[in-house]
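One structure is given below, encoded as structure tokens.
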Amino acid sequence: MPKPITPDVVVAYGLCPRKAYLLLCTEEHGVPHEYQLVVAADQRRNQASFFNSLTQTLGDHPDCRGTHAGPRRGDRAAVVLEAPDCEAYCDHLTPALRQTAARGRRDEPTLVTGTHRITHDQRLALLFVGYVLGQPQSALPSFGSLLGLDGRVHKLSLDERRYSELRAILDALRLWLQALSPHAPPVVLNRHCSVCQFRADCRAQAERDDGLSLLERMTPRARRRYHERGTFSVTQLSYMFRPRRKRKPSSGSAVKTFSSCRRSRCAPVRLTCTNHLRSSVMSPRSS
């Protein structure tokens with residue numbers, strides 16, 4: 001049975017397609033980075049604080065926790081959203097401020113984060129949660145909220161343009177689920193590799209492939225340009241290296257060095273100062 005598409009897979013595809021492939025199509029988990037563990041621990045503490053405050057506000061509400069399968073009334077916390085080939089977890093669901101009879105009931109998702117600043121990955125995860133939430137509803141939610149570690153609530157707009165970008169990612173992920181034996185994307189090292197759980201395996205594979213992404217300043221645009229020229233490895237690129245030729249000075253131009261400048265400029269000044277001191281000492285003081 002194929003795995004469902006989760007927010008972690010969608011966020012991973014935005015960072016590195018190979019990471020999303022490993023999470024969705026394989027059983028590998030990798031070794032989590034220390035930074036990711038710290039962020040996850042802060043997120044759990046922030047969620048506990050949020051649920052405590054929510055329990056004091058709502059009390060023992062019948063819809064406080066559970067699985068969301070369709071329109072229900074009231075606020076809900078710790079809800080698991082399910083849709084065809086998609087699954088997402090939402091910390092809090094609240095009714096939208098503007099409800100219309102034509103569109104039916106709409107809810108807005110809220111996610112609790114473990115950082116002070118809102119990142120692009122968290123925005124993408126909230127967008128996917130809104131997409132899964134909108135499947136059983138009559139329309140996709142237009143807004144969502146992210147609760148930071150400092151207690152601030154950031155309300156974000158979830159417009160159709162962002163949903164169209166998300167659908168492009170979901171189409172690529174669904175192609176892997178439909179294929180019998182999907183091919184793994186090539187290893188392309190980037191900035192996210194330093195905190196990725198698959199960093200060791202991808203680094204070793206990149207060294208075996210001798211890919212251009214091993215070069216630190218190799219941008220995606222430059223890599224595509226070299227691929228168009230037929231250069232796919234660092235070894236091939238090394239044969240294309242041509243050192244710069246040193247320009248020969250012309251016969252009529254004089255090359256000034258530091259020693260010549262020192263003799264031509266500094267020496268007269270030092271000589272003048274010495275002569276001035278010598279004359280001032282030897283000359284009698286005028287009365």
Open item on the list: Can you tally the net charge around residue 140? Count Lys and Arg as +1, Asp and Glu as -1, for every other residue whose Cβ sits under 9 Å from the Cβ of residue 140.
Closed with: 0
Task: Square roots of 5 times each gyration tensor eigenvalue, C-alpha, segment 191-236, largest first, Å - done: 21, 13, 7
Task: For peptides 215-221, 81-87, sequence by mean Cβ density within 10 Å, most packed first - done: 81-87, 215-221
Open item on the list: How would 146, 177 line up from fewest to most surrounding beta-carbon atoms within 10 angstrom?
Closed with: 177, 146
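A short reminder: the numbers here are calculations on the coordinates, not readings from a lab. Predicted, not measured: the structure shown is a model, and the values here were computed from it. Glycine gets a Cβ as well: all are built from the backbone with ideal geometry, and neighbour counts include every protein chain shown.
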